[in-house]
1. Projected onto the charge dipole of the range 2-141 (+1 at Lys/Arg Cβ, -1 at Asp/Glu Cβ, origin at the Cα centre), which of Q50, V135, A87 gives the Cα projection farthest towards the positive end?
2. Whole-Hz ³J(HN,Hα) for each residue in the range 34-46, computed from phi via Karplus 6.51 cos²θ - 1.76 cosθ + 1.60 with θ = phi - 60°, x for glycine and proline: what do you get?
3. Under a 10 Å cutoff between Cα atoms, tell me which one of F86, F97, F39 has the largest fluctuation in the Gaussian network model of the chain.
4. With +1 assigned to the C-beta of every Lys and Arg and -1 to the C-beta of every Asp and Glu, and no other charges, what is the dipole magnitude of the chain about the Cα centre in debye, to the nearest 20?
5. What order do you get for 114-125, 130-141, 49-60 when each peptide is scored by the mean count of other beta carbon atoms within 10 Å, highest first?
6. Residue by residue through the range 133-142, what is 3J(HN,Hα) from phi via Karplus (6.51 cos²θ - 1.76 cosθ + 1.60, θ = phi - 60°)? Round to whole Hz and write x for glycine and proline.
7. Taking only DSSP H segments of four or more residues, each worth -39500 (n - 2.57), what value at 222 nm results for the chain once the sum is divided by all its residues, to the nearest 500 deg cm²/dmol?
8. Would you please report the Å³ per residue occupied by the convex hull of the alpha carbon atoms in the chain?
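Only the coordinates and a few stated rules stand behind these numbers; no lab work does. The model shown is predicted, which means the values in this text are computed figures rather than measured ones. Heads up, the Cβs are rebuilt from the backbone with ideal geometry, glycines too, and the neighbour counts pull from every protein chain shown.
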Amino acid sequence: MRLFLLLILLTAIALWRRTRLWPAPYKKGLLAIFFFLLFLITDGSATASQSWEGAPPTYWPVGLVVALLLYAGPRCAPLIFISGLFAAVLNYHRSIFGWCGIPGVAALYAWYYGAAALLRGRWRIDRELSTLRDVRRYVLVF
C-alpha cells in the first residue's frame, strides 16, 4: 500500500514541473493531491518507527501541516482535516466517530491552525524566515 502511494507521489512530483502554464485550479488540485499522499506516507512511516528503540521524537505530518498552513492559509483546513481522518483510519485503524476520529483530529490540528493564523495575521512573519525576528516569533508560537 505504501509503495503504491509512493509511486503516485512520485508521479505528482513529476507533473509539478510542468505546471507553469496550467490554470490555478489545476495547480491547487495537484498541490492537494501531493499533500494528501505525502501526509499519508509520512504518517505511516512515523507510525511504524514509533516502536523502534532510539527513534527520533519527530512527527513529520505536523511539519507538513504547519508548512501548508503558513503557505496556503486557512483555506486548506478541510484538506488537513480529511488527510488526518484518512490517516487515523488507514494507519491507526481507528473509528471515524470515536475520540480518535473526528473529534481527535479536529482537536489535534486546531492548535496548529490557530498558531499559523497568528503568524499570518497579528504577528506577521516572512514565510522564508529570513530575519531573526521572524525566526523568534515562529519558535515562540510553536
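1. It is V135.
2. For the range 34-46, the Karplus curve yields 4, 5, 4, 5, 5, 4, 5, 5, 5, 5, x, 6, 5 Hz.
3. F97
4. 620
5. Taking the mean over residues of other Cβ atoms within 10 Å, the ranking is 114-125, 130-141, 49-60.
6. With the stated coefficients, the range 133-142 comes to 4, 5, 5, 4, 5, 4, 5, 5, 6, 9 Hz.
7. After summing the helix terms and dividing by residue count, I get -22500 deg cm²/dmol.
8. So the per-residue hull volume is 142 Å³.
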